Amino acid sequence: MTPLLGGADAEREARLLSRVIDTISAGFDLDRMLQGVAALVTETTETDVCFVHLLDDDGRTLRLRGATPPFDELVGTIELAVGEGVSGWVADHGEPAVIVGDKTADPRYRYIPALRGEDYTSMVSVPVVTPLGHLVGVLNVHTKARREFTEPDVDLLRSVAGLVAGAIENARLHQRLAEREEALERFAEQTMEWQEHERRRLAGEIHDGISQRIVSLFFHLSAAADAIDRDPALAAEQVTKAQELAAAALDETRLAIAGLRPPVLDDLGLAPSLASLAHSFPQLDVRVDAADVRMAEHLETAVYRTAQEALQNVAKHASASCAWLRLTAPPGRVVLEVADDGTGFDPAARTIAPSQPAPSPGQPVPAGPAGTGEPAAGNGDLPALWPTGFGLTGMRERAELLGGKLDVISAPGRGTTVRLTLPLPAAPTAPTP
Ligand SMILES: Nc1ncnc2c1ncn2[C@@H]1O[C@H](COP(=O)(O)OP(=O)(O)O)[C@@H](O)[C@H]1O
Ligand SMILES: [Mg+2]
């Protein structure tokens with residue numbers, strides 16, 4: 001019987017563990033770390049190959065993330081369900097598995113051609129578990145020659161796996177943080193682009209619309225002043241025209257402002273604003289069920305804008321006859337759902353990149369029905385909340401920036417549900433009188 005370390009002693013074990021620690025402390029690049037660990041394990045344990053499978057976030061799939069050559073090229077391409085194959089069994093049971101020979105006779109074994117199981121005889125598979133008991137993956141070693149793996153061999157591999165587990169968790173945390181930071185940067189960039197776009201839009205509206213009306217207004221008032229003694233009827237007519245122009249200028253001013261922050265939110269509150277938004281899509285039968293949820297203003301704006309963009313997508317893309325808008329507040333969260341019974345689409349096929357460039361600066365945004373204080377919606381000529389193709393991305397980035405998420409559940413022919421989930425800070429408890 002050959003022990004794993006070929007006559008290993010405590011000193012060699014300690015050396016292996018200390019080299020593992022060096023490898024896992026070298027940085028936060030998870031894939032490089034796993035490659036390094038796999039190489040180290042085969043080298044020091046005198047085995048022929050080492051595979052590290054990590055558990056996906058869904059907790060149901062193991063994915064090959066580290067392997068020694070020649071299998072390093074397969075990293076990322078091999079997937080196993082938990083419960084499937086020896087590794088799946090180990091993940092499922094949280095216990096090691098040792099197979100000394102004749103793998104095919106073991107009911108747990110599943111042949112994966114790319115991994116060339118026929119070239120290897122003996123194997124050990126151990127769960128990769130963090131000190132807190134979270135399973136993060138499975139580590140396997142294989143030998144070409146038959147090897148009688150002993151209990152100390154398995155224990156040593158478990159120690160290596162334990163060290164790696166903590167590092168994997170750290171690397172994943174780090175990765176998530178980096179992704180969030182990147183999303184934040186993208187959002188900041190987009191926000192600035194949009195601020196600039198909005199400024200130009202406002203400038204355009206003031207210049208082309210509002211100020212032109214004020215100029216006409218001035219001429220009509222001058223004409224009225226000139227005519228007041230010699231032709232009072234003409235003066236009255238000019239004053240009426242001036243009144244109409246003043247009313248139009250006022251409407252345009254309100255619309256220009258409405259593009260910046262939905263004033264209905266301040267006027268009505270969130271739930272009634274959502275109902276009013278739904279009514280602005282006359283061609284759609286939108287059923288609204290909105291709970292009266294209290295939240296900070298910026299969260300209300302996020303919910304409202306998401307509902308607006310999602311409903312515009314329904315109107316633009318879904319050919320739906322019915323849409324549902326639901327706002328609920330389970331503990332600690334607020335959830336907005338916009339669903340439709342339309343054509344649906346494949347969300348995975350959508351790339352992050354916008355399909356078209358942003359509208360050119362100063363391009364006017366179509367205005368809504370006068371007096372509603374809202375941009376037009378549902379009339380085919382829709383106002384741009386985001387540049388074309390940025391709607392879903394914009395909604396998602398806004399959600400992530402607020403610590404929440406956006407789920408898009410859709411498939412061709414199955415309708416679409418867009419679900420925004422935002423965390424709600426606990427309501428401050430009322431002071432005791
Ligand atoms: N409710 C929906 N029904 C069908 N397709 C949709 C729906 N929402 C989004 N889509 C698809 O996703 C794409 C991206 O949407 P979005 O990011 O809002 O960009 P845009 O609306 O400017 O095309 C749309 O072009 C459309 O193909
Ligand atoms: Mg859109």
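Angle, helix 232-258 long axis vs. longest principal axis of the chain, Cα atoms, 0 to 90°, nearest 10? Tilt relative to the chain: about 10 degrees. Think of each Lys and Arg Cβ as +1 and each Asp and Glu Cβ as -1; about the Cα centre, that makes the dipole of segment 174-244 roughly 80 debye. Between Gln283 and Gln212, the contour length at 0.36 nm per residue exceeds the alpha carbon distance by 22.2 nm.
Expressed as a rounded percentage, what relative contact order does the chain have, with Cα pairs under 8 Å and six or more residues apart?
On the way: 700 pairs, mean separation 47.6, N = 433.
Reported relative contact order: 11 percent.
Can you put Phe51, Phe219 in order of accessible area, largest first, using a 1.4 Å probe?
Heavy-atom accessible area, descending, gives Phe219, Phe51.
Which semi-axes, in whole Å and largest first, does the equivalent ellipsoid of the chain have when worked out from the alpha carbon gyration tensor as the square roots of 5 times its eigenvalues?
So the three semi-axes of the chain are 66, 21, 20 Å.
Based on the Cβ-Cβ distance of Ser18 and Ser319, what FRET efficiency does E = 1/(1 + (r/R0)^6) give at R0 = 56 Å, to the nearest 0.05? Result of the calculation: an efficiency of 0.30. You can think of it this way: the chain between Ala236 and Asp346 has 33.4 nm of extra reach, that is 0.36 nm per residue less the Cα-Cα gap. The C-alpha atoms of the chain define a longest principal axis, and helix 391-401 lies at about 70 degrees to it.
From the protein chains alone at 1.4 Å, what is the descending order of accessible area for Trp194, Trp324, largest first? Intermediate results must be reported in sequence, preceding the final value.
Working: Trp194 35, Trp324 100 Å².
The ordering from most to least exposed comes out as Trp324, Trp194.
What's the extension gain from Ala271 to Ala114 if we count 0.36 nm per residue and subtract their Cα-Cα distance? Before the final figure, lay out each step's value.
On the way: separation 157, 0.36 × 157 = 56.52 nm, distance 5.56 nm.
Working it through step by step, the gained length comes to 51.0 nm.
Rounded to the nearest 10 degrees, the inclination of helix 151-205 to the longest alpha-carbon principal axis of the chain is 10 degrees.
Treating the beta-carbon of each Lys and Arg as +1 and of each Asp and Glu as -1, no other charges, what is the dipole magnitude of segment 90-151 about its Cα centre, to the nearest 20 debye?
Working: 7 positive and 8 negative charges, 41 e Å.
That gives segment 90-151 a dipole magnitude of about 200 debye.
Candidate cross-link partners of Lys103 among the lysines, defined by an alpha-carbon separation under 26 Å and a same-chain spacing of 8 or more, comprise Lys144. Here the relative contact order of segment 187-306, from alpha carbon pairs under 8 Å that lie six or more residues apart, stands at 20 percent.
If I take every Cα pair under 8 Å that is 6 or more residues apart in segment 98-176, average their sequence separation and divide by the length, what percent do I get for the relative contact order? Before the final figure, lay out the partial values.
On the way: 99 pairs, mean separation 23.4, N = 79.
So the answer I get is 30 percent.
Computed from point charges on the beta carbon alone (+1 for Lys and Arg, -1 for Asp and Glu), the dipole magnitude for the chain about its Cα centre is near 240 Debye.
The values are calculated or read from the model by the stated rules, or taken from the named source; none is laboratory data. Everything numeric in this text was worked out from a predicted model, so none of it was measured. Cβ: placed from backbone, ideal geometry, glycine included. Neighbour counts: every protein chain shown. With ligands, DNA and RNA removed, areas are computed over all heavy atoms of the protein, side chains included. Shrake-Rupley method; radii C 1.70, N 1.55, O 1.52, S 1.80 Å.
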